[in-house]
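So the structure is just underneath, and the comments pick up after that.
The values are calculated or read from the model by the stated rules, or taken from the named source; none is laboratory data. Owing to the predicted nature of the structure, the values given are computational and were not obtained by experimental measurement. Cβ sites come from the backbone with ideal geometry, for glycine too, and all protein chains shown count toward neighbours.
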């Protein structure tokens, strides 16, 4: 186990290095000049050139990469062109809303999707199974921003149950914090409920055909124990895998959801940085998301041992 963990941790280093190089090159090779954005429409050519020199954008791409990479290795992600603040400080300030939204979304999706998937597999071919399949198709088909505006119109504007937009920090109280996050989390969780429920249904349905399930039922065990302690427990590996994939996909969903609901998180920061051509901020946020993605995949791989003791690394 320790050797496997050490190998996986070491393997994250080249992955993050490749991500850093690709992100740096893609940003530098795409059209647009950050100096022109910062200077404004009325700026002269000399003023834009002076801003480029101050930002170091007048240097060659290899030289810019060397300077940025050296700072990154020491933990310095640079200073934002637009906010005039260190990128690490910006990430720290915007981290709580994004982590809160992601945590509530995943918890809500798992609590709803796993029982639905188990029940659909148990009642294979019945109305619940067909309803779940229909919901899954709908969940994958509706864009996140469309669902967000529909829920805002119904839940916030018509019924007045939850706030339309904004974010309340956890330090201001659990109630206000949860009220501002519940609607965005519900919006974002629909697609993940559909994904996790379908995989849970398929995995449990396959497990229900095994001999040990028939043996458990022959012993007279209650159906709830057969489903939870035998079927679901032995189908947990693919379910854990798709939950990990869902967390990775959550990164893209957070960007859209935070923009619609005006949540000041990392997703909203990414959108603002792209619009402002803020290279250091974009690079820092993408590297942070890449690190989270690698860590989540590592935790998912480690969970296989606990779900299935037969697996050895």
Quick check on residue 220: is it modelled with pLDDT of 80 or more, out of contact with any helix residue (DSSP H, G or I) (no Cβ under 7 Å at 6 or more places or on another chain) and assigned by TED's automatic domain parsing to the domain that holds residue 155?
yes
Qualifying position, being surrounded by 12 or more Cβ atoms within 10 Å (Cβ to Cβ), on the phi < 0 side of the Ramachandran plot and at pLDDT below 80, among 71, 52
52
Condition test on residue 186, is it out of contact with any helix residue (DSSP H, G or I) (no Cβ under 6 Å at 6 or more places or on another chain), in contact (Cβ under 8 Å) with a residue 12 or more places away in the chain and within 30 Å of residue 94 (Cα to Cα)?
yes
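Wholly within region 198-293, which helices (runs of 4 or more DSSP H) include no fewer than the required count, namely at least 2 residues that are in contact (Cβ under 8 Å) with a residue 60 or more places away in the chain and surrounded by fewer than 21 Cβ atoms within 10 Å (Cβ to Cβ)?
236-260
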Residues 144, 107: which one is closer than 17 Å to residue 188 by Cβ, out of contact with any helix residue (DSSP H, G or I) (no Cβ under 8 Å at 6 or more places or on another chain) and in the same structural domain as residue 237 (by TED's automatic domain parsing)?
107
Quick test for you: out of 191, 164, pick the one residue that is surrounded by fewer than 18 Cβ atoms within 10 Å (Cβ to Cβ) and either touching a helix residue (DSSP H, G or I) at 6+ places or on another chain (Cβ under 8 Å) or over 22 Å from residue 106 (Cβ atoms) (or both).
164
Looking at 101, 77, 116 in this structure, which one is surrounded by 18 or more Cβ atoms within 10 Å (Cβ to Cβ) and farther than 30 Å from residue 194 by Cα?
77
